[in-house]
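Reading through the structure tokens given below for one structure.
The values are calculated or read from the model by the stated rules, or taken from the named source; none is laboratory data. None of the values given here were measured: they were computed from a predicted structure. Note that each Cβ is placed from the backbone with ideal geometry, even for glycine, and that neighbours are counted across all protein chains shown.
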């Protein structure tokens with residue numbers, strides 16, 4: 001991607017982003033290579049949704065709220081801002097909330113996600129420099145380039161599941177896990193696969209690393225780099241496109257517009273020049289770049305920001321369903337709505353607590369590590385039950401809908417639909433339109449993918465609980481026990 005196309009105070013807009021995606025990237029779907037993701041029926045609306053985010057920030061009335069001037073004078077999204085105070089952290093969060101609201105929180109890997117992860121890493125470049133000074137300098141330069149371009153980055157930081165009973169270095173098949181197969185004076189050659197490549201079809205670059213622990217002897221799997229999505233040999237193997245298989249925008253309003261896609265990225269002897277390699281053959285640095293810097297905290301803090309928006313959206317769905325079917329004033333329904341409202345507010349309060357309990361790390365303000373992980377543990381468990389509660393409130397309303405918008409083309413069917421889809425608060429057609437949206441949010445195949453995503457994007461629950469265990473103030477908690485014991489129960493003797 002050309003990072004010199006935006007100089008000074010010009011702001012990246014949607015047209016620029018769509019043009020940047022027409023770069024010859026190798027995306028494969030249903031056995032065929034996709035010529036242009038911006039026009040293909042499997043991806044075009046998702047690409048347009050990403051472009052709409054850049055158009056939103058470019059509106060004159062949104063310029064100050066959504067963007068800031070980086071040290072080189074480029075006007076870029078606040079996702080690239082490195083907060084130096086609690087006030088700046090909140091200012092940045094408000095911009096990220098505004099972006100998430102454009103999709104109701106259904107674009108999980110939006111441009112602010114990996115920008116947050118990289119920002120957290122460069123806040124503590126000394127961690128990488130302690131073991132690889134050259135790589136730390138490269139990462140700092142890369143961040144500045146991507147920030148100046150206001151680039152959309154995705155990442156692939158986990159390995160294919162394969163045989164979970166074995167270490168990564170023990171897996172069968174030489175090409176399974178992306179690894180270093182050659183190294184010379186010009187750079188590294190990488191072969192193998194990484195996951196999950198969410199939003200890779202509409203991103204400019206991919207950040208490649210290993211978040212999962214590596215052991216001595218697995219040095220060939222240990223590297224981190226950044227690559228343009230059209231890099232020679234980089235192949236994107238898309239999952240089924242919910243956008244392409246959606247019936248219509250009327251029947252599947254979310255799937256048709258916000259299917260961010262997931263993909264396996266296969267590195268077919270990809271050459272990575274040294275000025276794109278952040279470290280290599282160092283298993284400890286793979287861990288340290290995420291966990292000894294604020295990188296892991298900032299990327300998951302961004303996810304919590306987005307999730308607060310998504311839960312507000314789903315809460316609105318819940319309330320509207322009960323109004324639509326006339327149950328909103330029933331005591332058991334109001335009880336459940338109150339519970340959902342409380343749960344969504346608890347997540348919102350946790351976000352504010354994450355920020356308020358943050359501390360300075362050097363010159364930068366960092367959200368509270370333990371509270372980020374505590375929020376993740378809570379929301380991984382919450383999301384499924386939240387959706388289940390909405391389905392309980394809906395009852396049969398979500399499964400007595402017309403088969404598709406085409407039913408309205410038949411005058412006899414349209415008459416029956418309009419006589420059976422009655423509501424006290426909206427027309428029959430509005431009822432069907434809204435309930436189609438509700439089903440796409442909580443019951444469709446697209447919704448099922450989102451439930452799986454919210455459960456596992458941060459790792460399995462035992463992983464996030466492990467983070468919460470490691471970062472808890474156990475000394476403070478047990479010290480309080482000792483303090484109370486000392487005050488109330490004198491020793492025997």
In segment 470-480, which residue that is touching a helix residue (DSSP H, G or I) at 6+ places or on another chain (Cβ under 9 Å) and in a helix (DSSP H, G or I) is surrounded by the fewest Cβ atoms within 10 Å (Cβ to Cβ)? 470
Inside segment 281-300, can you point out the residues that are crowded, with 22+ Cβ neighbours inside 10 Å and either under 30 Å from residue 42 (Cα atoms) or out of contact with any helix residue (DSSP H, G or I) (no Cβ under 7 Å at 6 or more places or on another chain) (or both)? 286, 299, 300
Scan segment 354-372 and give yes if some residue there is free of Cβ contacts under 8 Å to residues at least 40 places away in the same chain, part of a helix (DSSP H, G or I) and either at positive phi or crowded, with 19+ Cβ neighbours inside 10 Å (or both), otherwise no. yes
How many residues does segment 7-21 hold that are in contact (Cβ under 8 Å) with a residue 40 or more places away in the chain, over 23 Å from residue 104 (Cα atoms) and surrounded by 14 or more Cβ atoms within 10 Å (Cβ to Cβ)? 3
Of the candidates 404, 419, the one satisfying the condition of being without any contact (Cβ under 8 Å) to a residue 12 or more places away in the chain and either over 19 Å from the mean Cα position of the chain (by Cα) or in the same structural domain as residue 118 (by TED's automatic domain parsing) (or both) is 419
Could you check, for segment 445-457, whether at least one of its residues is at pLDDT 95 or above, more than 35 Å from the chain's Cα centre (by Cα), in the same structural domain as residue 305 (by TED's automatic domain parsing) and closer than 30 Å to residue 241 by Cβ? no
Consider residue 483 against the criteria (1) out of contact with any helix residue (DSSP H, G or I) (no Cβ under 7 Å at 6 or more places or on another chain); (2) not in a helix (DSSP H, G or I): it satisfies all of them except one. Which criterion is unmet? (2)
Based on what the data block shows, is residue 404 exposed (fewer than 14 other Cβ atoms within 10 Å of the Cβ) and within 24 Å of residue 317 (Cα to Cα)? no
Residue by residue through segment 123-137, note down the ones that are part of a helix (DSSP H, G or I) and buried (at least 22 other Cβ atoms within 10 Å of the Cβ). 128, 135, 136
Identify the single condition in (1) surrounded by fewer than 17 Cβ atoms within 10 Å (Cβ to Cβ); (2) farther than 30 Å from residue 404 by Cβ that residue 458 does not satisfy, given that it satisfies every other one. (1)
When you look at residue 432, is it in contact (Cβ under 8 Å) with a residue 24 or more places away in the chain, within 30 Å of residue 105 (Cα to Cα), in a loop (DSSP other than H, G, I, E, B) and under 38 Å from the mean Cα position of the chain (by Cα), yes or no? no
Got at least one residue in segment 161-175 being at pLDDT 90 or above, in a loop (DSSP other than H, G, I, E, B) and surrounded by fewer than 23 Cβ atoms within 10 Å (Cβ to Cβ)? no
Output the qualifying pairs, or none if there are none: Cβ atoms under 7 angstrom, residues six or more apart or on different chains, first residue in segment 89-114 and assigned by TED's automatic domain parsing to the domain that holds residue 157, second residue in a helix (DSSP H, G or I) and modelled with pLDDT under 95. 106/450; 108/453
Residue check for residue 394: buried (at least 18 other Cβ atoms within 10 Å of the Cβ), at pLDDT 95 or above and more than 18 Å from residue 248 (Cα to Cα): yes
Residue 403 is checked against (1) farther than 20 Å from residue 326 by Cβ; (2) assigned to a helix (DSSP H, G or I) and fails just one. What number does that condition carry? (2)
Those helices (runs of 4 or more DSSP H) lying entirely in segment 218-314 with at least 3 residues modelled with pLDDT of 95 or more and under 30 Å from residue 182 (Cβ atoms): 283-291
Just name the residue that is farthest from the chain's Cα centre (by Cα) out of those in segment 373-401 that are within 30 Å of residue 351 (Cβ to Cβ) and without any contact (Cβ under 8 Å) to a residue 24 or more places away in the chain. 388
Those residues of segment 326-353 which are assigned to a loop (DSSP other than H, G, I, E, B), surrounded by 14 or more Cβ atoms within 10 Å (Cβ to Cβ) and without any contact (Cβ under 8 Å) to a residue 24 or more places away in the chain, in sequence order: 328
